[in-house]
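Working notes for the structure below.
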Amino acid sequence: MGKFDYTEGEKIKMNSKLRKFLAGLVVIAVLIGWYISIFGIGEISSIKDAMKFGLDINGGVYVVLEAEQDDIKNLSDEELTATMEQTRAVLNNRVNAMGISEATVSLEGNDRIRVEMPGVEDAQQAIEQIGKTAKLRFMLADGSEALSGDDVKDASIDTDTENGGYKIVMEFTGEGGKKFEDATRKAFANNLPVSKEFSEAGIPSNSVIIMLDEEIVTAPVVDNGAISGTNCEITSRGGGYSKEEASNTAALIRGGALPISLNEVTSSVQTATIGYNALNKSIVAGAIGLGLVFVLMLLMYNVLGLLADVALLLYVLIVLWIMAGLGSVLTLPGIAGIILSIGMAVDANVIIFARIKEEIGLGKTIRVAVDQGFKHALTTVLDAQITTLIASVVLYEIGSTTVKGFALTLMIGIIVSIFTAVVVTQLFVGLVANSKTFAKNKYFGVNEDGTPKRLLKKDFSFIKNRKIFYCCSAVLIVVGLVFAGFRGFNYGIDFTGGTMIQLDMGKKVDVEEVKDTVDKYDLEELSVILSGDKQDQVILKTTSALDNDERTEVINSLEKKFGVTDDDILASEEFGPTVGKELKTNALKSVLIAAVGMLIYIIFRFKSWKYGVSSIAGILHDVLVVLAFYAIFNVTINNPFIAGILTVVGYSINDTIVIFDRIRENRKLYKKDSSEVVIDRSINQTLSRSIMTSLTTLICMVPMFFMVSTSIREFIIPLMVGVLAGTYSSIFLCSPLFYELSKNEEKSKYMLNQDKHNKKKK
């Protein structure tokens, strides 16, 4: 067979055909993907049916239980971990025994357990059920009880050298060992009648059945005679137990009863009605925001904007199906996270398009400009997104369950946005660059004379006027601190501890009449707020931490007075006083950890501490500005505020990195220019991008703010304020601060050059 040699022209032609084919596949995938996502097809469900939704959407009960401190105060860290895992396993078994689908029992911190039970309406019954003492029994096949959990001293796991995998090792008390020996003797005889229950479960007569609350944990057979002593092993001949399976079983065996007492810290009852309405409104708000972004991109970037819109459609599609595929629980804050990440996904495209325009402005052909634009933009995109990713990871690790949902969608969104911008957008733009019809300046945002079209025509002197910007920020922050000092912050019940009850009254009612009805309960700092589209909902908030029984009493009083029923209870939540202190601590810890992580990354990437310090100063400024806003306008600070602050941190650094990346590049290109000139040039070159990114992000959030529930709004407010503060600080503060740190270095270089010049004269 002969060897084929392709000319350069033929290779370009082949590449063009491949690009067209791949681009066609992407378009088809987007069209089919969105059709399936909306309507479903065959056995493939729509995204709405495939997605798991949180309690704030589906309704249900969650309770956070805290270990009694007297029970754990003498435990080592290892013992505490083992005890809490044992407790979690017992509670998980109980929830499963209740037949609650998709219930979750998870550790929260080092001494708390969070139990989520979707679809449960009777909170008190559910909480009492999961919290009561579990009963462990060892049964024989005939249904007789051989020994109880009190006879078990310990249960652990070990490697199974004979069968592979792991085995379960049990240790009995002295009396328990005798009982177990007698039980195994009877089982080994293999002549016991099998009860109906065990027969239906397929359990043979030579088994010892270990049960927890009527649920079979495991049923090992006795085939080697009676087992004497106080130790025994449970093995599986089918390759041994997996580590997880053995650990869970051992934990259940150890937990014949709850090893520690548990106290209710926080509990909540949510109805599906309010969540479902919020979900539908969120979808509509998201669609409106996305549509507005599409229009803006078309207006600003012409053909390139259209290509970015296709990439964005693919981006949203991938994010949604990744979440569905991972079994991630989508909450209302999570939806807010997706919408926010859309704005950040646009940012990557805007950075790329801006660089392409600049390359064309330098006299390069469109094809070369596209290649060089992507090459130069790649580091900026990665640095900007990775720093935001750091904030998201911290948010996920430290935040509460609700906040974790927000952080997860943000993390997934950041990763997918890098893929769609770098791979998909590059594919489409490369195809257009090779097109005879569209490979023209006007389609790439460039004037016919080769100069790039700019959102702002004029160059500004930022460094010269930097002291004005310093003063503006200082005044705002000082005013905020004054308000905070004299009036304090308006902390919600998440922080202060307290109770929230939301009822659908069916009509607008008198607030004072509601207060009079519940006056006998001496509720501290009670506030009654009318809510809903028709002002027919009532929200009661009090700093009194009412448990579920006490909340039920208050609700019953309102039901008698206003004729509402249990079906009209939209939400009921209680936060213990210790929760707020932890939230404040976690908020501070989160910001510090995120800031340190970003500082390390920036110093590593930019090879200079000056970039890192300037960036962190900008973050501090943005956090203080958001706090000042909350203090001045007396906005309530709740749990979502923490997520908002950390996202602000990530967003602020994103903007700053883009400008710093350009400063770093320009310092190498224009070595003879002063720092002032280089920094001003860099800010002006990236100014349009900074404005566009902020604009698209705000456009995504505004419909959510006006259309969706209060809980979403609590996420959106700090984000909107933070986006504006972050944009301001990255342009007007961080770069001037970098100048302040660099000008001394510049003077030093000048003095060195002068010394060299004087030496030559001599």
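Annotations
- Gyration tensor (alpha-carbon) shape descriptor, region 10-50, a/c threshold 1.5: prolate
- Radius 12 Å from Cβ of Ala377, net charge of other residues (Lys, Arg +1; Asp, Glu -1): -2
- Prolate/oblate/rounded call for region 136-254, Cα gyration tensor, a/c under 1.5 rounded: rounded
- Simple rule: put +1 on each Lys or Arg Cβ and -1 on each Asp or Glu Cβ in the chain, find the dipole, and look at Tyr470, Tyr166, Val678; the Cα lying farthest toward the positive end is Val678.
- Entry note, the chain: relative contact order of 14 percent, from Cα contacts under 8 Å with a spacing of 6+ residues.
- Projecting label points 7 angstrom from Cα along Cα→Cβ for Leu107 and Glu525 puts them 3.3 nm apart.
- Taking amide H as placed 1.01 Å from N in the peptide plane, the amide H of Ser261 sits under 5 Å from that of Glu68, each at least 5 places away or on another chain.
- In Hz, Karplus ³J(HN,Hα) per residue of region 412-418 (6.51, -1.76, 1.60; θ = phi - 60°; x = Gly, Pro): 4, x, 4, 5, 5, 5, 4
- Estimated FRET transfer efficiency when R0 is 25 angstrom, pair Leu620-Ile415 (beta carbons, to 0.05): 0.35
- Spin-label model, Glu79/Glu397: points 7 Å from Cα along the beta carbon direction are separated by 2.8 nm.
- Packing-based order for 488-494, 16-22, using average beta carbon neighbours within 10 Å, highest first: 488-494, 16-22
- Scalar couplings 3J(HN,Hα) for region 542-558, obtained by applying the Karplus form with A = 6.51, B = -1.76, C = 1.60 to θ = phi - 60°, are 9, 7, 6, 7, 8, 6, 4, 4, 5, 5, 4, 4, 4, 5, 4, 4, 5 Hz; x denotes Gly and Pro.
- Shape of the chain, Cα gyration tensor, a/c cut at 1.5: prolate
- In a simple Cβ point-charge model (Lys, Arg +1; Asp, Glu -1; nothing else charged), region 136-254 has a dipole of about 240 debye relative to its Cα centre.
- Placing a pseudo-label 7 Å from each Cα along the Cα-to-Cβ vector at Asp549 and Ala201 gives an inter-label distance of 3.4 nm.
- Protection proxy ranking for 614-623, 600-609, 725-734, using the average of other Cβ atoms within 10 Å per residue and placing the highest first: 725-734, 614-623, 600-609.
- Amide hydrogen proximity for Gly143: with H placed 1.01 Å from N in the peptide plane, the residues at 5 or more positions away or on another chain lying under 5 Å are Ser195.
- Positive-end residue of Ile712, Leu91, Thr543, charge dipole of the chain with Cβ unit charges: Ile712
- Mean residue ellipticity (222 nm) of the chain, computed from DSSP H runs ≥ 4 via -39,500 (n - 2.57), nearest 500: -21000 deg cm²/dmol
- Computed over region 277-404: relative contact order in percent, which uses C-alpha pairs under 8 Å that are six or more apart: 19
- Stretch gain in nm, segment Arg667-Cys471, where the contour uses 0.36 nm per residue and the Cα spacing is subtracted: 67.8 nm
- Across region 498-575, C-alpha contacts under 8 Å between residues 6 or more apart give a mean separation that, scaled by the residue count, equals a relative contact order of 48 percent.
- Highest to lowest packing among 319-326, 506-513, 647-654, 660-667, scored as the average C-beta count within 10 Å: 647-654, 660-667, 319-326, 506-513
- Across region 721-726, coupling constants 3J(HN,Hα) worked out from phi with the 6.51/-1.76/1.60 Karplus curve, θ = phi - 60°, read 5, x, 4, 5, 5, x Hz, and Gly and Pro carry x.
- Extension gain from Thr565 to Lys464, taking 0.36 nm per residue of separation minus the Cα-Cα distance: 29.7 nm
- Using alpha-carbon coordinates, inclination of helix 272-326 to the longest axis of the chain, degrees: 20
- Full extension of the segment from Val423 to Ile216, taken as 0.36 nm per residue of separation minus the current Cα-Cα distance, would add 69.4 nm.
- For Val217, nonlocal amide neighbours, meaning residues 5 or more places apart or on other chains whose placed amide H falls under 5 Å from its own, are Ile210, Met211, Leu212.
- Cα-centre dipole for the chain with unit charges at Cβ (Lys and Arg positive, Asp and Glu negative), debye to 20: 6820
- Around Lys541: net Lys/Arg minus Asp/Glu count, Cβ-Cβ under 14 Å: -4
- For region 483-565, the Cβ-based charge dipole about the Cα centre amounts to some 280 debye (Lys, Arg positive; Asp, Glu negative; other atoms uncharged).
- Using R0 = 30 Å, the C-beta based FRET efficiency linking Leu25 and Lys52 works out to 0.55.
- In the chain, the longest principal axis of the Cα atoms and the axis of helix 609-633 are about 70 degrees apart.
Readers should treat all values here as calculations from the given coordinates under stated rules, not as data from a laboratory. All values reported here derive from a predicted model rather than from experimental measurement. Please note: Cβ atoms are built from the backbone with ideal geometry, for glycine as well, and neighbour counts cover all protein chains shown.
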